[in-house]
1. How big is the Cα convex hull of the range 1-80 in projection, averaged over all directions, in nm²?
2. Once the Cβ-Cβ distance between residue 10 and residue 75 is put in as r, and R0 is 30 Å, what FRET efficiency do you end up with, to the nearest 0.05?
3. Could you calculate the FRET efficiency of residue 2 with residue 136 from 1/(1 + (r/R0)^6), where r is the beta carbon distance between them and R0 is 22 Å, rounded to 0.05?
4. Per the helix-only calculation at 222 nm, which mean residue ellipticity applies to the chain, given -39500 (n - 2.57) for every DSSP H run of n ≥ 4 and division by its residues, nearest 500 deg cm²/dmol?
5. Could you tell me whether the range 48-107 comes out rounded, prolate or oblate from its Cα gyration tensor? Rule is a ≥ b ≥ c as square roots of the eigenvalues, rounded for a/c under 1.5, then prolate if a/b exceeds b/c, otherwise oblate.
6. Beyond 27 Å, what share of the Cα-Cα pairs of the range 3-135 is found? Please give it as a whole percent.
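FYI, it's all coordinate maths here, none of it is from the lab. Note that this is a predicted model, so its numbers are computed, not measured. Glycine also receives a Cβ, built like all others from the backbone with ideal geometry; neighbour counts cover every protein chain displayed.
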C-alpha cells in the first residue's frame with residue numbers, strides 16, 4: 001500500500017513568520033502536538049509542543065513575539081507519497097519518529113503519515129516492531 005492512500009491530507013501548517021502564540025493556538029484547536037512549517041508548498045521545518053517549551057519558554061523568549069522560524073527544527077525527515085507503507089514503517093523505526101511529512105514527486109508538501117495511520121491500514125506486526133524500537137530507551 002502506498003503512503004498516498006493512507007496519509008492525512010488535512011494537516012495544520014504555518015508559515016515561518018507565524019508567531020508561536022498562533023502556532024500553539026493551532027495545536028490546541030486541532031488537539032495535536034506538532035505543526036508543519038511550510039513556505040510556498042515547500043516543507044521548511046516542524047514545530048512540536050516540546051520545541052515551544054524547550055526552545056522558547058525555557059529561554060524566556062516571548063511567544064507572542066517569537067516566530068516559528070526562530071525555534072522550528074529545519075532538518076526534517078520525510079517520505080514520498082509513492083513510498084510503501086512497510087518501507088515508511090521501517091524508516092520510522094530506524095529514525096525513531098512517530099510521524100513523517102509526505103512530499104510528492106515535485107517535493108511539495110502534501111500530507112503527513114503517522115505510525116497510527118500505518119497501524120490502521122497495514123502490517124500490524126511491522127508497526128508493533130517499529131513502535132517497540134521507537135519507544136525503547138536509548
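1. For the Cα atoms of the range 1-80, the hull's average projected area reads 5.5 nm².
2. With a Förster radius of 30 Å, E is 0.75.
3. Taking R0 as 22 Å, the efficiency between residue 2 and residue 136 is 0.20.
4. Counting only the DSSP helices, I get -9000 deg cm²/dmol.
5. Prolate shape, in that a/c is at least 1.5 and a/b is the bigger ratio.
6. For the range 3-135, the fraction of Cα-Cα distances above 27 Å is 21 percent.
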